[in-house]
Amino acid sequence: MKVQIPGTSRMLGNTPEEILEGLIELGFMDPPSASLDEYVDHLTGQLASRFDVQLDSGGDVSDRAEAVIYALAELGELDVLED
């Protein structure tokens, strides 16, 4: 999977974890730390509070990260270029 923040040229990709690591580096939605677990929780909270989107908080970090990425893409916050 390849992902990009709309309006930028930097491609982030391969696994959900690698995409989130790239988003952390870019400061996307003010990451609270470099921890992927904490960042997924943070993005899940942002989806709930800013967009009224509820995601399941169970499962491993990869599954949760993928759900967050697709939810953000559906809202237009990220562009998914390959599936």
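Using a Förster distance of 22 Å, how high is the FRET efficiency between E21 and L75, based on the Cβ-Cβ distance and rounded to 0.05? Spell out each step's value before the answer.
Numbers: r = 21 Å, r/R0 = 0.95.
Given R0 = 22 Å and the Cβ-Cβ separation, E is 0.55.
PRE reach from F51 (point 7 Å along Cα→Cβ): which of region 1-38 fall under 12 Å by backbone N?
6, 29
Add -39500 (n - 2.57) for each DSSP H run of 4 or more in the chain, then divide by its residues: what number comes out at 222 nm, to the nearest 500 deg cm²/dmol?
Numbers: 3 runs with 41 residues, N = 83.
That calculation yields -16000 deg cm²/dmol at 222 nm.
Taken together, the values in this text are just the output of simple stated rules run on the coordinates, not laboratory data. Since the model is a prediction, treat every value here as computed from it, not as a measurement. Note that each Cβ is placed from the backbone with ideal geometry, even for glycine, and that neighbours are counted across all protein chains shown.
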